[in-house]
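**Q** Please read through the structure below; I'll follow up with questions.
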Amino acid sequence: MTDTAAVSAFEKLDVEALTSEQAETELERLANAIAKHDKLYHQDDAPAISDADYDALRRRNTAIEARFPDLVRDDSPSRNVGAAPSEAFSKIEHKVPMLSLDNAFNDEDVQDFVGRVRRFLKFDPLMGALAVTAEPKIDGLSLSLRYEAGALVYAATRGDGTTGENVTANAKTISDIPQKLSGDAPDVVEIRGEVYMAHADFQVLNQRMEANGGKVFANPRNAAAGSLRQLKSEITASRPLKFFAYAWGDMSALPADTQMGMVEQMKVWGFQINPLMKRCETVEELLAVYHGIEEDRATLGYDIDGVVYKVDRLDLQQRLGFVSRSPRWAIAHKFPAEKAYTILNEIDIQVGRTGALTPVAKLEPVTVGGVVVSNATLHNEDYIKGIGQDGEPIRGGKDLRPGDTVQVQRAGDVIPQIVDVDLSKRKEGAEPFEFPSVCPRCGSHAVREENPKTGRLDAVRRCTGALICPAQATERLKHFVSRNAFDIEGFGDKQVDAFFADGLVKTAADIFTLEERDKQSLTKLRNREGWGTVSAKNLFEAINAKRNIDLHRLIFGLGIRHVGEGNAKLLARAYGSWQAFYDAMVKAHDKNGEAWEDLNAIDGIGHIVAEALTEFFAEEHNREQLDALLAQISPKQVEQIDSSGSPVAGKTVVFTGALERMTRDEAKAMAERLGAKVSGSVSKKTDLLVAGPGAGSKLKKAQGLQIEVITEDVWFDLVGA
Ligand code: IVH
C-alpha cells in the first residue's frame, strides 16, 4: 500500500513493533490519509485506492488504537464516518445518525462477532439459538428516505453520518423509490438502503457517455454516486439507478420486532428488498450463506462487496447499541479482493482504429479469483510513468517497469488492472519504460494532441499515419464487420487479418467486390487453406445479405470518432437517408451554415461529436472511400413509422418531472417508436409535455407557451399502452 500524501518511516512496521512515539506519528498519518480518501470517495466520487487498501488503512488505525488507547486522536477516523457533505446541495441533519459497519475479514472474525454478541447479552446456549440475518452488502451509496403520512418528504445521502445532502428531487426519479408508501404505515417512516447501478445498465451508460465524448465511470458504484449527486435531476432521471431497502432511521412506530420482519414490511410498502437475505441460527449457517453468495457473486448482475450479518431481534439490537461509528449488533463480512502478485513481463503497444497507442501489460499468467489473467490495462503513458505532464504524481499511476513484480486485481467483468508494484522486488538496473514516439506498426509519428481549450496534452498518443497505418486499417475493418455494424457472418477479426495481409481486402468497399474479384482470380477463396466450396459460398452470401444495410449500422460502421451506436441511431433517424446524411455532413463543415446548426440541434448530439463528423466528411480520402462503398451497397431509408393509429406521430414531446410507470429512457424509446420526436427542452416547437410529480420550470414554460400538458397516465391512455 502506498500513499503519496504522507509517507512515514514506520508505515511498514508491524503494529506490535511500534514505539509509542512512532504510533503517534502513524495515527496522524492514517487520520490524514483516511480523511483524504473519504473525501475522494464520498464527495468527489473518485476513489484513489481500492476498497481493500482503504480497509487496510482503517484496520491498521484500529489496531494501533487498540494497543495505544491513550493516543486515540479527536479526529480519529474511528470516531467519524464518511466525509462532510458537499456545499452544492442543501444539508439535512439525520434525525438518527447514519452509521457504518464494522468489518470481518475471515471466518474467525465472524465467530468472534457472534461470541462477542452472546457475551454482551449473556445469551448462553440454554437460552436457545441467537438468530442472525445474512444479506448481500450492496456496493452503492446509502440513502435515507423520510416519509410522513405515507408520502416521501425528503431523501438525504449519508454525508458525514450526521448531516447529509438533500437529493430529494433526484431520488424521486428512481423508480424503485416509491413516492407514496403502499398500505398502512406509521406517521413517520425513514427507510434506508443502497442506491446502485446494475452491471448491464452501467455498461450501456458508459457506452453512451463515451459516444457523447464524456468521461466514463470507473465502476458501477461511482456511476451510481455520480448520477445521484447531480445538480440537475433530469440527468439523474436519465441514469438507470436502482434501490434496495435494508434499514431504517427515525420511525414513529415499529411495525415488526425483528430485522427480517421489518424488511418484509418494507416490501409491503413498495420497496425492493434483497431476495438473498436469510435468517440463520448458527455461525456455520451464516458462513454457508456467505460462501453461497460469494459463489453467485458474478451472476447477480450488480456489485456486492460482502455479506452483512445483523442480530435479528430488535430488542437485542437495542440492548447491544453502538460503539463509536458502528452498531454492536451488525458486521460486514467482506469478500477478499480478487488480487494476486505476478511479473510484468513486458509492455505491449496496441494501435486502435483511431490510431490510439494503448499500452497493455503482458503478465506472467496468474489466477485471480478463478480466472487466468495474462493481460492488464495500462491506460496511457503517464499512468506507466506515474507522473502527469505537470510533473505531479497522478492518481492511480505507478512507476511501472518491465520485470517488476506487480499486483493485479479483477473486479467484476472489468479488464484486470495493476493496483500495486512491489518496489522491494525491483531488479537492479530496471529501466523506466520508454513510450514510443512512433507508431510500432507503420512508423509514422505518434503524437499527443494539445487540447486547444485547456492547453493540456491529450493523455492518449496517436499514430498520425491514418491512411497508411495497417493497424488502423485492420482495426477499422474489424469495427466495420462487427456485431453492431455490418455483422457479416463468418467475417470476423481473423478473416480481416488474413484478407488484409494478402491484399484481398484493404477497404470496406473491397469486402463487397470480393466475390466478383474471386471469379476472375486464379487463387480462389475456396482453394485457400481453411476454406472450401461451401464456406466460400456462405461467406459471399453473408456479404451480399448486408448490401441492404440499416442506415444506422452503416453510420456506426464507419468508425468515426465519438460516433457510437446511440449517436448513429440519432443521426439515422434525423436524416432518414444516406444521401441526406452525407450531403448534410459535407455542408456542415461550414460552421456558419444551417447544416452545422441542424446537426448540433439534434437532441443528444453534442459539439464534440458534430466536430468529429464534419472533420471525417471533410477529408477527401474518406469521401472517396465512401463513394466506392456506396457503389456497392444500398442502405435502407429509415422506416417512416406508420402514423395511422399513433396520435403522437410527428409530434415533438417533452417528458418532465418524475415518471412513475416507466424510466425516462423507456419513455423516450416508446415515444420514438410511435413516431414522435423527443426533446429535452420546451420550445415553441413542442407539441406535448408529459409532466410527472415535481415538474418545475419546463411545466411553467409549457403553460406559458400554451402547450398541451398531460400526466403520465393520460400519456398511457393516449398511446394505448
Ligand atoms: S446496514 C447501522 N445493510 O454498507 C448500519 N448496510 O459499511 C446500517 N451497505 O453505510 C447499515 N449493503 O451504505 C447495511 N445490506 C446492507 C448493506 C449496507 C450495503 C452499506 C451502507 C453502509 C455501509 C457500511
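All of the numbers you see were taken from the coordinates with simple rules; none came from a lab. Quick caveat: nothing in here was measured; it's all calculated off a predicted structure. Neighbour counts are summed over all protein chains in view; Cβ atoms, including those assigned to glycine, are modelled from backbone coordinates with ideal geometry.
**Q** Exposure proxy check: Val609, Val15 ranked by fewest other beta carbons within 10 Å?
**A** With the fewest neighbours first, Val609, Val15 line up as Val15, Val609.
**Q** What does the C-alpha gyration tensor say about the overall shape of the stretch 647-721? Classify as rounded when a/c is under 1.5, otherwise prolate if a/b is larger than b/c, or oblate. Can you show the working numbers first?
**A** On the way: a/c = 1.63, a/b = 1.20, b/c = 1.36.
Oblate shape, in that a/c is at least 1.5 and b/c is the bigger or equal ratio.
**Q** As an exercise, use a Förster radius of 25 Å and the Cβ-Cβ distance of Lys506 and Thr358 to find the FRET efficiency, rounded to the nearest 0.05. Could the numbers behind the result be given before it?
**A** Working: r = 23 Å, r/R0 = 0.93.
That gives a FRET efficiency of 0.60.
**Q** Same structure again: Percent antiparallel among DSSP beta bridges with both residues in the chain, to the nearest 5? Please report the intermediate quantities before stating the final value.
**A** Numbers: 72 of 84 bridges.
The antiparallel fraction comes to roughly 85 percent.
**Q** Where in the chain lies the longest segment free of GluC sites (Glu not before Pro) that are both loop residues by DSSP (not H, G, I, E, B) and have at most 16 other Cβ atoms within 10 Å? List each step's numbers first, then the result.
**A** Details: sites that count: Glu87, Glu281, Glu428, Glu434, Glu449, Glu489, Glu529, Glu619, Glu639, Glu660.
That would be 88-280.
**Q** Now for a separate question. I'd like the isolated cysteines in the chain, meaning no second cysteine's beta-carbon lies under 4.7 angstrom from theirs.
**A** Cys280
**Q** Expressed as an acute angle from 0 to 90° and rounded to the nearest 10, what is the orientation of the C-alpha long axis of helix 664-673 relative to the principal long axis of the chain?
**A** 30 degrees
**Q** Using the alpha-carbon centroid of each, what span in Å lies between the stretch 110-167 and the stretch 661-721?
**A** Cα centroid of the stretch 110-167 versus Cα centroid of the stretch 661-721: 40 Å apart.
**Q** Taking 0.36 nm per residue of separation and subtracting the Cα-Cα distance, what length does fully extending Asn32 through Leu705 add? Could the numbers behind the result be given before it?
**A** Details: separation 673, 0.36 × 673 = 242.28 nm, distance 5.48 nm.
Full extension of this stretch gives 236.8 nm more.
**Q** What shape does the stretch 537-690 have by the C-alpha gyration tensor, where a ≥ b ≥ c are the square roots of the eigenvalues, rounded means a/c under 1.5, and otherwise prolate means a/b greater than b/c and oblate the rest? Walk me through the numbers on the way to the answer.
**A** Values: a/c = 2.24, a/b = 1.43, b/c = 1.57.
Oblate, since a/c reaches 1.5 and b/c is not below a/b.
**Q** Structure shown: which of Lys91/Lys215; Lys636/Lys685; Lys36/Lys232; Lys494/Lys537; Lys569/Lys668 lie over 22 Å apart, alpha-carbon to alpha-carbon?
**A** Values: Lys91/Lys215 28 Å; Lys636/Lys685 28 Å; Lys36/Lys232 27 Å; Lys494/Lys537 18 Å; Lys569/Lys668 13 Å.
Flagged as over cut-off: Lys91/Lys215; Lys636/Lys685; Lys36/Lys232.
**Q** How would the stretch 418-553 be classified by its alpha-carbon gyration tensor: rounded, prolate or oblate, with rounded meaning a/c under 1.5 and the a/b versus b/c comparison settling the rest? Could you put the intermediate results ahead of the total?
**A** Details: a/c = 2.53, a/b = 1.97, b/c = 1.28.
Prolate, since a/c reaches 1.5 and a/b exceeds b/c.
**Q** Mind listing the phi-derived Karplus ³J(HN,Hα) values for the stretch 139-156, rounded to whole Hz, using 6.51, -1.76 and 1.60 with θ = phi - 60°, and x for any glycine or proline?
**A** Ordered by residue, 3J(HN,Hα) equals 8, x, 9, 7, 9, 10, 10, 9, 10, 10, 6, x, 10, 5, 9, 7, 10, 10 Hz.
**Q** Counting pairs of alpha carbon atoms under 8 Å apart in space and at least six apart in sequence, what relative contact order in percent does the chain give?
**A** Details: 1308 pairs, mean separation 68.1, N = 721.
Relative contact order of the chain: 9 percent.
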